[in-house]
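Visitor: Quick one: the structure is below, questions incoming.
The values are calculated or read from the model by the stated rules, or taken from the named source; none is laboratory data. Since this is a predicted model, take the numbers as computed values, not measurements. Cβ atoms come from the backbone with ideal geometry, glycine included; neighbour counts cover every protein chain shown. Calculation scope for accessible area: heavy atoms of the full protein, side chains included, ligands and nucleic acids excluded. Shrake-Rupley method; radii C 1.70, N 1.55, O 1.52, S 1.80 Å.
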Amino acid sequence: MTDQQDHAPPTDAARPRSPRWVRWIGEHPPPGPTRRGFWRSPIRGPWLTAVFGLVLLIGITIVFVTGLLSYAAYNPDLGSNDLTPDKGLLGFYLFHWPTQPYWLYRFTQGVHVTLGLILVPVLLGKLWSVIPKLFDWPPVRSPAQFLERISLLLLVGGAVFEFVTGIVNIQYWYVFPASFYTVHLYGAWIFIAAFAAHVALKSRRMVTALRSRSFRDELHTDTAHTRPEPPDPDDLVSPNPAAPTISRRGALGLVGAGSLTVLLLTVGQSIGGALRPTALLAPRGQTLGHGPNDFQINKTAEEAAISTAETDGWQLELRGGGTSMTLTRDDLLAMPQHTAHLPIACVEGWSTRNQAWTGVQLRDLARLAGAPEPGSVLVESIQTGGLFRSATLRRNQVLDPDSLLALRVNDADLSLDHGYPARVIVPNNPGVHNTKWVGRLDFQA
Amino acid sequence: MMRRFRARYGAHPLHLLTMLASLALAGYAALKLVPANPLGIAVWFIGAAIAHDLLLLPLYSVVDSGLVHAWRRRGAPELPQAPWINYLRVPLALSAVLLLLYAPLILQFAGHRYAVTTSMSTDPYLEHWLLITAALFGLSALGYAVRLRRSRRQHARPSG
């Protein structure tokens with residue numbers, strides 16, 4: 001279908017009906033980028049575009065799916081967890097987020113962010129390879145082409161929008177036009193709608209282009225032997241090519257080196273441990289120290305406006321089964337203590353290695369509250385503001401034996417920054433749902 | 001019938017169905033996105049395309065063609081000289097991509113918020129970026145030196 005539709009006939013067939021001046025304009029592009037001879041790179045062509053396209057097809061699909069999973073990980077159907085409550089049918093796939101494997105969110109979100117970052121050089125290469133199409137002349141040739149150009153605006157605008165919002169969010173530069181969750185989630189659907197159509201219309205062309213040259217031969221062709229690809233129906237190949245200054249192999253190598261460099265300078269923030277300092281440019285590549293509490297802090301006590309004034313005389317309020325009771329930290333320490341080895345994994349893609357958390361199992365607290373089989377629990381922090389001062393956890397998260405109200409970490413009391421006097425830690429839970437400075441647990445049927 | 005449709009529309013009917021399905025889904029998502037801040041969203045979405053297609057891409061293209069021009073003006077590379085243009089291009093491009101990705105940290109667009117949120121400082125990032133840039137150009141220089149040496153040797157040897 002695409003082959004037929006992309007060739008010239010439709011426009012030629014439509015041409016006899018268009019007025020003479022329209023035809024004249026179409027045949028006389030103004031000087032500059034609308035003239036085909038303006039684009040002179042000898043390596044621009046369908047094969048190179050198709051290689052970038054294939055990498056993006058696989059990479060963006062993974063980034064999109066891991067993004068969808070991250071939304072599911074917030075359990076948006078519970079309480080006020082949902083930060084995009086008017087999602088409508090876009091939440092069709094949501095499911096009960098599991099607690100096992102405990103490292104799943106750490107993995108999927110690390111992939112989402114790291115892969116997103118390393119795809120940027122590929123995206124830049126792809127957009128470079130097709131830039132002459134932006135200046136197609138005449139700008140509108142047929143209704144089909146007009147629709148496709150609108151779709152391409154959504155594709156390119158959407159791609160840049162999604163990448164930029166994600167990239168600035170992990171660096172705490174909150175310049176979005178609305179909440180990050182709103183813009184990144186709905187922006188993703190606009191983008192993916194255009195992306196899916198683009199794949200549907202172009203995949204056959206991509207396969208044809210990939211088959212038109214041997215990848216191995218390209219990898220053995222140096223600059224001196226680089227020749228332009230044969231003329232193509234999309235007019236990507238320059239009719240007026242300059243002498244090559246880089247081979248196709250070199251261009252792919254440049255993009256690949258870009259992705260590899262970004263990977264090496266970023267991935268340490270998700271692997272952690274000794275590799276963390278290798279993430280020289282990533283937001284969480286710095287090491288805090290070697291003490292029991294010196295692992296990455298999602299949000300400091302200062303940011304949450306918590307000081308020892310708020311935690312002095314702290315008591316936990318426990319609700320459920322129509323009753324309410326309060327427990328001091330000593331009461332909690334006197335209960336059976338359980339240790340779980342779990343990471344902190346943030347939506348921003350960074351994570352820590354497993355930390356040894358010690359505290360009271362949430363299911364023990366549910367039983368104590370008179371709700372041994374709760375449907376959910378509303379966890380509230382003593383912090384007074386902030387998007388994540390409370391979170392609702394599902395039954396499976398309450399009942400997992402490794403789900404704790406942690407009092408200690410790595411054989412020391414929690415530091416204030418890590419949630420002293422008590423914080424929640426649940427396996428496979430996004431970092432912000434492991435509420436710190438917990439003031440109240442409300443178990444609900 | 002089919003021929004007439006294609007003549008008027010400009011493509012196969014499947015093209016139209018694909019476009020309509022895609023635009024309708026995008027519209028559905030847009031109805032949820034846009035009310036949050038209509039002007040801001042429009043500026044961001046269209047601005048994103050413009051920022052890349054009409055600013056970033058022309059900018060790096062002009063820089064690159066300036067380099068190529070300067071390189072060509074020095075005459076066709078004579079053996080045993082190896083073409084040096086890509087030994088400049090590659091580290092420059094890599095350094096620029098790193099700056100593009102991590103500009104908010106490197107240039108401290110949100111240094112205070114970063115510090116308050118994470119308990120760390122953005123001070124090291126500019127230093128790191130400069131050191132990485134130095135390493136990239138250094139490695140490139142090394143690669144070029146090796147290449148020059150090799151081509152000089154090849155040149156010295158009688159071909160056969």
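Visitor: Is it the case that residue A:92 is surrounded by fewer than 19 Cβ atoms within 10 Å (Cβ to Cβ), within 14 Å of chain B (Cβ to nearest Cβ) and at pLDDT 95 or above?
Guide: Yes.
Visitor: Go through region A:264-282 and give me each residue that's of a type in the set (A, V, I, L, M, F, W, C) and open to solvent by 10 Å² or more (accessible area, probe 1.4 Å).
Guide: A:264, A:265, A:267, A:271, A:274, A:275, A:280
Visitor: Continuing with this model, one more query. Using beta carbons and a limit of 6 Å, which pairs, at least six apart or on different chains, have the first residue in region B:119-140 and over 26 Å from residue A:417 (Cβ atoms) and the second one open to solvent by 50 Å² or more (accessible area, probe 1.4 Å) and not in a loop (DSSP other than H, G, I, E, B)?
Guide: Once the first residue is over 26 Å from residue A:417 (Cβ atoms) and sits in region B:119-140, its partners that are open to solvent by 50 Å² or more (accessible area, probe 1.4 Å) and not in a loop (DSSP other than H, G, I, E, B) give B:140/B:87.
Visitor: Could you check, for region A:287-308, whether at least one of its residues is of a type outside the set (A, V, I, L, M), within 21 Å of residue A:115 (Cα to Cα), without any contact (Cβ under 8 Å) to a residue 12 or more places away in the chain and surrounded by fewer than 15 Cβ atoms within 10 Å (Cβ to Cβ)?
Guide: No, that holds for no residue.
Visitor: So, one more: Scan (1) out of contact with any helix residue (DSSP H, G or I) (no Cβ under 7 Å at 6 or more places or on another chain); (2) crowded, with 20+ Cβ neighbours inside 10 Å for the single condition residue A:348 breaks and write down its number.
Guide: With (1) out of contact with any helix residue (DSSP H, G or I) (no Cβ under 7 Å at 6 or more places or on another chain); (2) crowded, with 20+ Cβ neighbours inside 10 Å applied to residue A:348, the lone miss is (1).
Yes/no per residue for (1) within 14 Å of chain B (Cβ to nearest Cβ); (2) within 19 Å of residue A:383 (Cβ to Cβ); (3) of a type in the set (S, T, N, Q):
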{"site": "A:272", "(1), (2), (3)": "no, no, no"}
{"site": "A:277", "(1), (2), (3)": "yes, no, no"}
{"site": "A:280", "(1), (2), (3)": "yes, no, no"}
{"site": "A:288", "(1), (2), (3)": "yes, no, no"}
{"site": "A:301", "(1), (2), (3)": "yes, yes, no"}
{"site": "A:306", "(1), (2), (3)": "yes, yes, no"}
{"site": "A:316", "(1), (2), (3)": "no, yes, no"}
{"site": "A:324", "(1), (2), (3)": "no, no, yes"}
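Listed here are the residues, each with its yes/no results for (1) more than 9 Å from every other protein chain (Cβ to nearest Cβ); (2) hydroxyl-bearing (Ser, Thr, Tyr); (3) open to solvent by 30 Å² or more (accessible area, probe 1.4 Å); (4) touching a strand residue (DSSP E or B) at 6+ places or on another chain (Cβ under 8 Å).
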{"residue": "B:17", "(1), (2), (3), (4)": "yes, no, yes, no"}
{"residue": "B:25", "(1), (2), (3), (4)": "no, no, yes, no"}
{"residue": "B:43", "(1), (2), (3), (4)": "no, no, yes, no"}
{"residue": "B:48", "(1), (2), (3), (4)": "no, no, no, no"}
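Visitor: In region B:113-134, what count of residues is obtained for those that are open to solvent by 80 Å² or more (accessible area, probe 1.4 Å), within 9 Å of chain A (Cβ to nearest Cβ) and more than 27 Å from residue A:259 (Cβ to Cβ)? Before you say what the answer is, go through the steps one by one.
Guide: Start the filter on region B:113-134 by keeping residues that are open to solvent by 80 Å² or more (accessible area, probe 1.4 Å), which leaves B:113, B:123, B:127, B:130-131.
Next cut, within 9 Å of chain A (Cβ to nearest Cβ) only: B:113, B:131.
Still in the list and also more than 27 Å from residue A:259 (Cβ to Cβ): B:113.
Qualifying residue count, region B:113-134: 1.
Visitor: Something else: Check A:191, A:176 and return the single one that is crowded, with 17+ Cβ neighbours inside 10 Å, assigned by TED's automatic domain parsing to the domain that holds residue A:62, part of a helix (DSSP H, G or I) and without any contact (Cβ under 8 Å) to a residue 60 or more places away in the chain. Please lay out each step first, then the result.
Guide: Numbers: A:176 fails: part of a helix (DSSP H, G or I).
Step by step, each of A:191, A:176 is checked, and only A:191 is crowded, with 17+ Cβ neighbours inside 10 Å, assigned by TED's automatic domain parsing to the domain that holds residue A:62, part of a helix (DSSP H, G or I) and without any contact (Cβ under 8 Å) to a residue 60 or more places away in the chain.
Visitor: Taking region A:138-156 as the search range and keeping residues that are more than 32 Å from the chain's Cα centre (by Cα) and more than 7 Å from chain B (Cβ to nearest Cβ), which one is surrounded by the fewest Cβ atoms within 10 Å (Cβ to Cβ)?
Guide: Among those that are more than 32 Å from the chain's Cα centre (by Cα) and more than 7 Å from chain B (Cβ to nearest Cβ), it is A:140.
Visitor: Okay, next question. Which one is nearest to the chain's Cα centre (by Cα), of the residues in region A:216-250 that are in contact (Cβ under 8 Å) with a residue 40 or more places away in the chain and in a helix (DSSP H, G or I)?
Guide: By that ranking, first place goes to A:248.
Visitor: Within region A:12-30, is there a residue that is under 30 Å from residue B:1 (Cα atoms), touching a helix residue (DSSP H, G or I) at 6+ places or on another chain (Cβ under 6 Å) and modelled with pLDDT under 95? Quick ask: steps written out before the conclusion?
Guide: Step one: filter region A:12-30 for residues under 30 Å from residue B:1 (Cα atoms), giving A:12-27.
Pick out the ones that are also touching a helix residue (DSSP H, G or I) at 6+ places or on another chain (Cβ under 6 Å) and you get A:13-14.
Keeping just the survivors that are modelled with pLDDT under 95 gives A:13-14.
Yes - at least one qualifying residue is present in region A:12-30.
Visitor: Could I ask something else about it? Go through region B:65-75 and give me each residue that's part of a helix (DSSP H, G or I) and open to solvent by 50 Å² or more (accessible area, probe 1.4 Å).
Guide: B:65, B:69, B:72, B:73
Visitor: Ok, one more. Need a quick list: helices (runs of 4 or more DSSP H) entirely within region B:1-57 having at least 3 residues that are of a type in the set (A, V, I, L, M).
Guide: B:13-33, B:38-50
Visitor: Any idea which of (1) buried (at least 18 other Cβ atoms within 10 Å of the Cβ); (2) part of a loop (DSSP other than H, G, I, E, B) is the one residue A:340 doesn't satisfy?
Guide: (2)
Visitor: Just to check your reading of the model, which residue among A:348, A:310 is at pLDDT 95 or above and of a type in the set (Asp, Glu)?
Guide: A:348
Visitor: Looking only at residues that are of a type in the set (S, T, N, Q), part of a helix (DSSP H, G or I) and in contact (Cβ under 8 Å) with a residue 60 or more places away in the chain in region A:251-270, which one is nearest to the other protein chains (Cβ to nearest Cβ)?
Guide: Among those that are of a type in the set (S, T, N, Q), part of a helix (DSSP H, G or I) and in contact (Cβ under 8 Å) with a residue 60 or more places away in the chain, it is A:259.
Visitor: Something else about it: For residues that are in a helix (DSSP H, G or I) and more than 7 Å from chain B (Cβ to nearest Cβ), scanning just region A:159-173, find the one that is nearest to residue B:109 (Cα to Cα).
Guide: A:169
Visitor: Could you tell me whether residue B:94 is over 30 Å from residue A:141 (Cα atoms), in a helix (DSSP H, G or I), at the interface with another protein chain (Cβ under 7 Å from one of its Cβ atoms) and touching a residue at least 24 places away in the same chain (Cβ under 8 Å)?
Guide: So residue B:94 fits the description; yes.
Visitor: Filter region B:98-112 down to the residues that are open to solvent by less than 60 Å² (accessible area, probe 1.4 Å) and over 21 Å from the mean Cα position of the chain (by Cα), then identify the one that is nearest to residue A:171 (Cα to Cα).
Guide: By that ranking, first place goes to B:110.
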